[in-house]
Structure formats: structure tokens, C-alpha cells
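In what follows, a single structure is set out as C-alpha cells and then discussed.
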Amino acid sequence: MTVARQSRARLLAALRAIEVGTVIGHRRHDVQPRRPTVFFNETPWVICFHPDTRRVYRILHGAQDFPALFDDSDPGAGARGKTT
């Protein structure tokens, strides 16, 4: 199996585990999401989901700037960075 297929299989397995409730996730103190959010690491990804409904909000690469992605204080902020 190729590396890409193995990575995809791991990610899909993590999503299934979130769906059935076998994954708890953790909170991050460096981000302030608008809605209840927990995070689960499946290297290199971080899966962001609601702790009660288990709804997945985002699947992000773990090397991204999470505080900037979840910052709602500036409408121009986010994945593209803050505008001046």
C-alpha cells in the first residue's frame, strides 16, 4: 500500500472513531473557537469537532497557525493572516 493510501486509511479510521465516540479529543488553550470544539491529532492532521454532536468542523494540517485560523476578532484574519 502506498504512503498516500495508508494516510487516507488512517484519517478515515480516525473519522469513524470520532463518529462512534471512541475518540474523546482535547481542548486547546491557544485558540478561542466560536463554538464548542475539541481536537484530535492524527499526524499530520488535526481534526476539529464538536464534543457532543461529534460533527467535524475542520481537518487541518498540524503545522498551521491555529490561533490565526480561529481568530474572529478581525474579519480579514484567518488562514490568510491579518490584514492591516
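The values are calculated or read from the model by the stated rules, or taken from the named source; none is laboratory data. Computed from a predicted structure; not experimentally measured. Glycine also receives a Cβ, built like all others from the backbone with ideal geometry; neighbour counts cover every protein chain displayed.
Cβ-Cβ contacts under 8 Å between residues 6 or more apart (or on different chains), taken from a first residue in segment 6-18 that is of a type in the set (K, R) to a second residue that is at pLDDT below 95, are listed as R10/E42.
State all residues of segment 44-70 that are under 16 Å from R16 (Cα atoms) and either of a type in the set (S, T, N, Q) or in contact (Cβ under 8 Å) with a residue 60 or more places away in the chain (or both); if no residue qualifies, say none. Correct list: T53 only. Comparison of V46, V20, V56 shows that the only residue that is aliphatic (A, V, I, L, M) and in contact with a Cys (Cβ under 9 Å, 6 or more places away or on another chain) is V56. Restricted to segment 19-66, and to residues there that are of a type in the set (G, A, S) and under 28 Å from V3 (Cβ atoms), the residue that is surrounded by the most Cβ atoms within 10 Å (Cβ to Cβ) is G25.
When segment 1-18 is filtered for residues that are of a type in the set (A, V, I, L, M, F, W, C), outside any loop (DSSP other than H, G, I, E, B) and loosely packed, with under 10 Cβ neighbours inside 10 Å, the ones remaining, listed by number, are V3, A4.
Going by what's in this entry, would T84 be described as in a loop (DSSP other than H, G, I, E, B), β-branched (V, I, T) and modelled with pLDDT under 85? For T84, the condition - in a loop (DSSP other than H, G, I, E, B), β-branched (V, I, T) and modelled with pLDDT under 85 - is met.
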